[in-house]
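Peer 1: First the structure, which I've put down as structure tokens, then a few questions once you've had a look.
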């Protein structure tokens, strides 16, 4: 029974958030249309510039990797002189999409 209640509460929260985001989008469009109708282009430029600046700050301070900020990266960064004289080794790819074990060789299918 408690699962059904929590699902209903989660669904209600989703609906409320969706409704709020749609209302916020409609309000932003209405403000832009009114400013265009009143020919307040300078104010539109100012709002757009401030919006881009706020977006850049949000992205700059976002924790995109989810790692703690005090942990240093495990591999040192490559140095420009080492790259220039070809003594630096290429960094190993440590993305989550690289397989840890090599894939077996597949035979070509005959037609």
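Throughout, read-outs are computed from the coordinates displayed, never taken from laboratory work. Values in this document were obtained by computation on a predicted structure and should not be read as measured data. Here the Cβ positions follow ideal geometry from the backbone for every residue, glycine too, while neighbour counts run over all protein chains shown.
Peer 1: Just how many % of Cα pairs in the stretch 2-61 lie over 14 Å apart, if you round to the nearest whole percent?
Peer 2: Numbers: 1279 of 1770 pairs.
Tail of P(r) above 14 Å: 72 percent of Cα pairs.
Peer 1: Additional query: Taking 7 Å along the Cα-to-C-beta vector as the label spot, tell me the residue 24-residue 49 distance in nanometres, rounded to one decimal.
Peer 2: For the pair residue 24/residue 49, the computed spacing is 2.5 nm.
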